[in-house]
Amino acid sequence: MPDDWRIVAATKKAAQTALIPKEWTITPPPAERTNVLGVPHESGLLSAKELEITELRNVDALLRKLASGEWTSVEVTTAFLKRAIIAQQVVNCLTEIFIDKAVAWAESLDKQLKETGKPVGPLHGLPISLKDQFCIEGLDCCMGYVSWVNKPSKKNAALVDVLLSAGAVPFIRTNIPQTLMWPESYNVVFGRTVNPANRTLTCGGSSGGEGALVAMDGSPLGVGTDIGGSVRIPAGLNGLFGLRPSFNRFPYQGAVNSGYGQESVPSVLGPITSSVSGLMAFTKGVLSQEPWLYDPLCIRKPWDEEGYQLQEHGEGKKMCFAIMWDDGIVKPTPPVKRALDIAKVALEAAGHEVIDWKGIHHEELRDIVIAIFNADGGDNCADVCKISGEPLLQTMVPEAPTQQDQSMASKDLEDEPEGLFGSYKRLSAYELWKLQWRKRALQKDYLDLWVGTKGKTTGRKIDGIIMPMAPYPAPPHGKNIYVGYTMLWNILDNPAAIFPVTTVDQTLDVPVEKHEFRCKEDQLVYEMYTSPELFKDAPITLQLVGMKLEEEAVIGMTEIVSKLVAEYKK
């Protein structure tokens, strides 16, 4: 008879806490302090140089210092390790802590640089945090499941080997929600990760630990995954940059996951970082290592410098952006609307053209992707939970599962429990085929709509779409109920980046009059924002979408747009 799942979970959490060096512990701030972004700086544990390193917030500049030897990989890795451990003590963002392994990798890089005078690769010495999906040999990768605790990985995920080959230092792993299929980050093993700008709000998910850690400058660059917004949501709710690439642009081989075999709308991996330069550094660095030699599904497409430079219509030349003000399902709240206004004015002031975009088929596309996600009747996640007897969580609200929650683990889900994506409705193979065929038709309709903008703009199709990442700022825990603005691009398979714009301003972002509600989620979102004070200090970001497999163009446009927005705000 296996140990009670509660004992296994508590033992794992205690072992994690025991790995924190005593000299890196802090006196936690009072619970009523909601904004803890400044805690690492105030802690007194970081030297002046460690503060300089961790608060540089520019991946390009950090890489230059590492490649030149001005800063060693050991001192940079150690600085971020210390800051990550401090962050853990106030927002609970970490899973696996492996200080000795990370420092050993850093020492090896310093040794090679000293002996050869050359950096090991384009990411030489850069500490990179990883979502708790990317296996590292010898370490657990339990993904929030009690059933997977104490089962060390036998080999690295492909991405880990690619990063090591590029000279990076994987140095910490970060928290997620059980099953990954939630836009928040809570599980019964490691607990809940909170938003460092306001701990009463969610950090997002499923790469929420990455979002919280990078926001606290505990990592210069982290890697998450995205099947419905799981890179973009944490990046957005924490005021960061993030990138969701098209299917199979980056190597996913060997990462643990939910929904093995579901390839109609596959998960992808992407970076979360505090600087737009981090998006390019990660993309160029990974592609430079020919990841298609590590993952049979990875597309053989090297870095496209011409696409990044936007040579046809580069910086200083007129571009055209479409703004999606509203997806027609859930109306954005006032701070999100204000962020869109800022982007529009900043772009037009710089001479770029802006048109409105409504899009098509949003509700049907949402329904199709939800049906695909739930096509197994929930068996995959339920089967994992049955091994330990742990609860299959039906909500992100509870701090500890109830006896009723626990009993769900032994059910066959015949009564179709509710989750974020609705009831688990089992589909036959033929029913799934029909959905996939309809998905293809809708993708073609959307492509035709995009290409057909040529006659309405600068004489060519729009360059990109700017739109909300979510209809609201970071919501309270358990209230992140709508992911339609991100999930749309998973089923259409367009690359999309997140960039910061502003923060909630209670003077400017006042509630608006009630409108005629389109659906339950629309009403709940409206009612949630009737109390703007709940969203104190919450960042507001936007999403920039490009055409399929044009990640380089999306990064280039994000550089241009984010710079214009930042300069306009000054």
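Some notes on this structure:
- Taking a Cβ cut-off of under 13 Å around residue 227, the surrounding Lys, Arg, Asp and Glu residues balance to a net charge of 0, with basic ones at +1 and acidic ones at -1.
- Per-peptide average of other Cβ atoms within 10 Å, ordering 176-187, 78-89 highest first: 176-187, 78-89
- Peptides ranked, highest mean first, by Cβ atoms within 10 Å: ranges 347-357, 111-121: 347-357, 111-121
- Sequence-separation-based contact order of the range 478-570, relative, with Cα cut under 8 Å and 6+ spacing, percent: 43 percent
- Accessible-area value, residue 448, 1.4 Å probe, nucleic acids and ligands omitted, Å²: 70 Å²
- Sequence-separation-based contact order of the chain, relative, with Cα cut under 8 Å and 6+ spacing, percent: 16 percent
- Listed peptides 459-467, 43-51, 317-325 by packing density, highest first (mean Cβ within 10 Å): 459-467, 317-325, 43-51
- Over the range 1-42, all Cα pairs binned in 10 Å intervals from 0 give whole-percent P(r) values of 21, 31, 32, 13, 3, listed from short to long.
- Using every pair of separate Cα atoms, the Kirkwood estimate puts the hydrodynamic radius of the chain at 23.8 angstrom.
- Carbon + sulfur, % of accessible area of the chain - ligands and nucleic acids excluded, 1.4 Å: 53 percent
- Report summary: the helix-based calculation at 222 nm, which adds -39500 (n - 2.57) for every DSSP H run with n ≥ 4 and divides by the residues of the chain, gives -11500 deg cm²/dmol.
- Residues in the range 191-307 average 23 Å² of solvent-accessible surface per residue, probe 1.4 Å, ligands and nucleic acids excluded.
- Paramagnetic reach from residue 107 in the range 47-86 [backbone N under 15 Å; point 7 Å along Cα→Cβ]: 73-78
- Summing charges over all other residues whose Cβ lies under 14 Å from the Cβ of residue 362, with Lys and Arg as +1 and Asp and Glu as -1, gives -3.
- Taking only the alpha carbons of the range 218-306, we obtain Rg and Dmax values of 13.0, 36 Å in that order.
- Lys, Arg +1 and Asp, Glu -1 on Cβ, resulting dipole of the chain about Cα centre, debye, nearest 20: 580 debye
- The range 442-493 has equivalent-ellipsoid semi-axes of 30, 14, 6 Å, by the square roots of 5 times the alpha carbon gyration tensor eigenvalues, sorted largest first.
- Where N is the number of residues in the range 133-216, Cα Rg divided by 2.2 N^0.38 Å: 1.15
- In the chain, the DSSP beta bridges split such that about 70 percent are antiparallel, to the nearest 5.
- The tail of the calculated P(r) for the range 1-125, taken as Cα-Cα distances beyond 16 Å, holds 68 percent of the pairs.
- Principal axis dimensions, largest first and in whole angstrom, of the range 420-570 by Cα: 50, 43, 26
- Fraction of the pair-distance distribution of the range 278-375 above 24 Å, Cα-Cα pairs, percent: 55 percent
The values are calculated or read from the model by the stated rules, or taken from the named source; none is laboratory data. All figures in this text were calculated on a predicted structure; none of them were measured in a lab. With ideal geometry, Cβ positions are generated from the backbone for all residues, glycine too; neighbour counts draw on all protein chains shown. Note: accessible area is taken over every heavy atom of the protein model, side chains too, but ligands, DNA and RNA are not part of it. Shrake-Rupley method; radii C 1.70, N 1.55, O 1.52, S 1.80 Å.
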